[in-house]
Amino acid sequence: SRKVLKHDEL
Amino acid sequence: MNIFRILGDVSHLLAMIILLVKIWRSKSCAGISGKSQILFALVFTTRYLDLFTIFISVYNTVMKVIFLVCAYITVYMIYMKFHKTFDREHDSFRLEFLLVPVTGLSFLENHSFTPLEILWTFSIYLESVAILPQLFMISKTGEAETITTHYLFFLGLYRALYLANWIWRYHTENFYDQIAVVSGVVQTIFYCDFFYLYVTKVLKGKKLSLP
């Protein structure tokens, strides 16, 4: 599975 | 969410509002680099594509939309509404010198080789150098209006506060995003010389002019 990156900063 | 992060975002927003108010009140964008503002609009556009793919929080979504709107209004003011006051002659930084290496680097060094992730990485690298056309313009004309220096101060402060945010997150959440951190450090370094001039000149009531 492909890693889903979550960028929580602006 | 920690205090450094919130204050950083507020500084960032304040910087953009100061710039818009300056242009709107004076009906002029003299001394402002349109190229830097185009780069910032590009930074937000490529970074916030995840608005369509992932939901993080109401705060996150609202701020992203506000940043995008501010960036595009600023570009519109400079190139359309008040274009006659735009100092094109002095805004002569060659953008390809930034865009070519930044594009190359985002393909080489990223978290994952997917279109959205490469664009996010591109935006992070680009943001770290996006202010250079503005600083170049000031060094060329040798001066800046006081309100322009306030804009730059808050933009630099935002970066510095984000560094504090990352140190905080590293210790409390074990969060560490190497791409963001390295670029953020580089970006903050670009402001150091300006911070020095801001403290020694502008805060003492003098206009920022270079010898």
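Side notes on the structure shown:
- Exposed GluC sites (Glu not before Pro) absent: longest stretch of chain B, with sites in DSSP loops and at most 15 other Cβ within 10 Å deemed exposed: B:1-88
- Hydrodynamic radius of the protein assembly as shown per Kirkwood, over alpha carbon pairs, in Å: 18.1
- Size descriptors for region B:15-109: radius of gyration and Dmax over Cα atoms are 15.3, 44 Å.
- Calculated [222 nm] ellipticity per residue, helices only, for the protein assembly as shown: -22000 deg cm²/dmol; basis is -39500 (n - 2.57) per DSSP H run with n ≥ 4, divided by all residues, nearest 500.
- Taking chymotrypsin sites (Phe, Trp or Tyr not before Pro) as exposed when DSSP calls them loop and at most 12 other C-beta atoms lie within 10 angstrom, chain B has its longest site-free stretch at B:114-175.
- With only Cα atoms counted, region B:91-159 has Rg and Dmax values of 14.7, 43 Å.
- Seen from B:K27, the other residues with C-beta closer than 13 Å to its C-beta sum to a net charge of +4, counting Lys and Arg as +1 and Asp and Glu as -1.
- Among the residues of B:47-56, the average count of other protein chain beta-carbon atoms within 10 Å of the residue beta-carbon is 2.
- Positive-end extreme of charge dipole, the protein assembly as shown - chosen from B:W168, B:G142, B:L155 (charges on Cβ): B:G142
- Restricting the calculation to Cα atoms, chain B shows an Rg/Rh of 0.96 when the hydrodynamic-style radius is the Kirkwood one.
- Stretch in chain B that is longest and holds no trypsin sites (Lys or Arg not before Pro) that DSSP places in a loop and that have at most 12 other beta carbons within 10 Å: B:95-205
- For region B:128-173 versus region B:33-58, the gap between their alpha-carbon centres in whole angstrom: 17
- Estimated dipole of region B:44-159 in Debye, rounded to 20 [Cβ of Lys and Arg +1, of Asp and Glu -1, Cα centre]: 220
Computed from the coordinates by the stated procedures, all read-outs in this text should not be read as laboratory data. Computed from a predicted model, the values in this text were never measured in an experiment. Backbone-built Cβ (ideal geometry, glycine too); neighbour counts: all protein chains shown.
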